[in-house]
Amino acid sequence: MISVTPLSGKPIPRIGLGTFGSDKYGPPQVADAVRGAIEVGYRHFDCAAVYGNEREVGAALRESGLAREDYWVTGKVWNNRHHEVVAACEDSLRDLGLDYLDLFLIHWPFPNHHASGVAVDSRDPHAVPYIHENFLRTWASMRKLVDRGLVRYTGTSNMTVRKLQLLLRDAEVQPAANEMELHPHFQQRELFEFVTANGILPIGYSPLGSPSRPERDRTSDDTSDLDDPVIVEIARAHNIHPADVCIKWAVTRGQIPIPFSVKRSQYESSLRAATSEPLTPAEMDQIAKIDRNCRLIKGQVFLWPGAADWRDLWDEQPV
Ligand SMILES: NC(=O)c1ccc[n+]([C@@H]2O[C@H](COP(=O)([O-])OP(=O)(O)OC[C@H]3O[C@@H](n4cnc5c(N)ncnc54)[C@H](OP(=O)(O)O)[C@@H]3O)[C@@H](O)[C@H]2O)c1
């Protein structure tokens, strides 16, 4: 097992800008956000083919005049291309107009596909559960990207402890990073500790609790990190926005948050939060106690025929 730490060589910046505009923000707006984010100092961008904006985001990156080695770009292979990761990566590189990606992830550990924007009860009739042999094959072909110089590091996303244990047991090379949902109301302590104990870098998506996610991604049980009294009180004490507390919590904990915003005041504020003083141990203890195990991105559309509910995707028991 080769252990890769992405902190050797060119380091990964401790905060990145998300680029998933979802239903709310089209490619030109996301590209403008990338331009503005570069101006205020972002050097890390979380991209994916399925976000449908790699051309526009790539143009913004290239027009910035930044040397390629001065910024970090993550890409992801979408579920319908697990069998052709090299072609998928080449397509992303072409769309982005880049020679290489710093990190390339398997977006989800299932090959189950859906068209963008479908309702949560929409299902791929060909959907299957996690099949370890197939995933291993996809993971092994990711290595070709590194060998060909198209990608510096490879990683996973939306994994569980159980799936990562299998991967670490059977793969020749371990993931450099795992991208996972992480915010104060969804701290994923067991997975976070497993990942860090194994030298895998945790990248935290939806770090603010994804307050702008579409209606179809909301359920009545969801809670709001930004309205949590503990977060609000720490924000008041520091004279910052609750979103900045979530970013500080992430960075102080040792994960890399990738907040999304198209508003300069917001992404500038997140960058400042990530690069200024961390939270105190007492504040971290307070936030450790407000975990609600509130998964927001449940992934229902990836369910296979016969699955009980979305918890099956995460190796949990249905309630
Ligand atoms: N690997 C995966 O499967 C996966 C899944 C989901 C997301 N991601 C990545 O993670 C990124 C972020 O996730 P996300 O967009 O779901 O969640 P998020 O970053 O937690 O929430 C983004 C929203 O928060 C608001 N916001 C941003 N900065 C703020 C600030 N400083 N103060 C107040 N509000 C602020 C904005 O709302 P308004 O628009 O209302 O201003 C923005 O649209 C995505 O863009 C994507 O790159 C990856």
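Readers should treat all values here as calculations from the given coordinates under stated rules, not as data from a laboratory. The structure presented is a predicted model; accordingly, all values stated were derived computationally and were not measured. Every residue, glycine among them, receives a Cβ derived from its backbone with ideal geometry; neighbour counts consider all protein chains shown.
Scanning the stretch 243-283 for residues that are part of a helix (DSSP H, G or I), β-branched (Val, Ile, Thr) and under 30 Å from Pro27 (Cβ atoms) yields Ile247, Val251, Thr275.
With respect to the conditions (1) hydrophobic (A, V, I, L, M, F, W, C); (2) within 12 Å of the ligand (Cβ to nearest atom); (3) surrounded by fewer than 20 Cβ atoms within 10 Å (Cβ to Cβ), Ile203 falls short on a single one, namely (3). Scan the stretch 25-39 for residues that are within 12 Å of the ligand (Cβ to nearest atom) and β-branched (Val, Ile, Thr) and the total you get is 2.
Within the stretch 260-267, is there a residue that is closer than 28 Å to Leu191 by Cα and away from the ligand (no atom under 13 Å from the Cβ)? No, every residue in the stretch 260-267 fails to be closer than 28 Å to Leu191 by Cα and away from the ligand (no atom under 13 Å from the Cβ). Checking each residue in the stretch 157-195 for being surrounded by fewer than 15 Cβ atoms within 10 Å (Cβ to Cβ) and under 15 Å from Ala250 (Cβ atoms) picks out only Arg189.
Applying the selection to the stretch 289-316, what residues are farther than 19 Å from Glu181 by Cα and surrounded by fewer than 16 Cβ atoms within 10 Å (Cβ to Cβ)? Hits for the stretch 289-316 are Pro305, Gly306, Ala308. For the stretch 62-80, filtering for residues that are in a strand (DSSP E or B) and more than 30 Å from Phe302 (Cβ to Cβ) leaves 0. Can you spot a residue in the stretch 188-200 that is in contact with a Pro (Cβ under 6 Å, 6 or more places away or on another chain), hydrophobic (A, V, I, L, M, F, W, C) and under 15 Å from Ser270 (Cα atoms)? Looking for residues that are in contact with a Pro (Cβ under 6 Å, 6 or more places away or on another chain), hydrophobic (A, V, I, L, M, F, W, C) and under 15 Å from Ser270 (Cα atoms), one finds none in the stretch 188-200, hence no.
The single residue among Leu103, Leu66, Leu17 that is more than 30 Å from Leu166 (Cα to Cα), of a type in the set (A, V, I, L, M) and touching a strand residue (DSSP E or B) at 6+ places or on another chain (Cβ under 8 Å) turns out to be Leu17.
Would you point out which residue out of Ala37, Ala31, Ala48 is out of contact with any strand residue (DSSP E or B) (no Cβ under 9 Å at 6 or more places or on another chain), small (Gly, Ala, Ser) and on the phi < 0 side of the Ramachandran plot? Testing whether each residue is out of contact with any strand residue (DSSP E or B) (no Cβ under 9 Å at 6 or more places or on another chain), small (Gly, Ala, Ser) and on the phi < 0 side of the Ramachandran plot leaves just Ala31.
Within the set Arg43, Arg94, Arg62, the sole residue that is without any contact (Cβ under 8 Å) to a residue 12 or more places away in the chain, under 21 Å from Pro27 (Cα atoms) and more than 15 Å from the ligand (Cβ to nearest atom) turns out to be Arg94. Residues that are closer than 23 Å to Gly58 by Cβ and either aromatic (Phe, Trp, Tyr) or within 16 Å of the ligand (Cβ to nearest atom) (or both): does the stretch 111-119 have at least one? Scanning the stretch 111-119, I find at least one residue that is closer than 23 Å to Gly58 by Cβ and either aromatic (Phe, Trp, Tyr) or within 16 Å of the ligand (Cβ to nearest atom) (or both), so the answer is yes.
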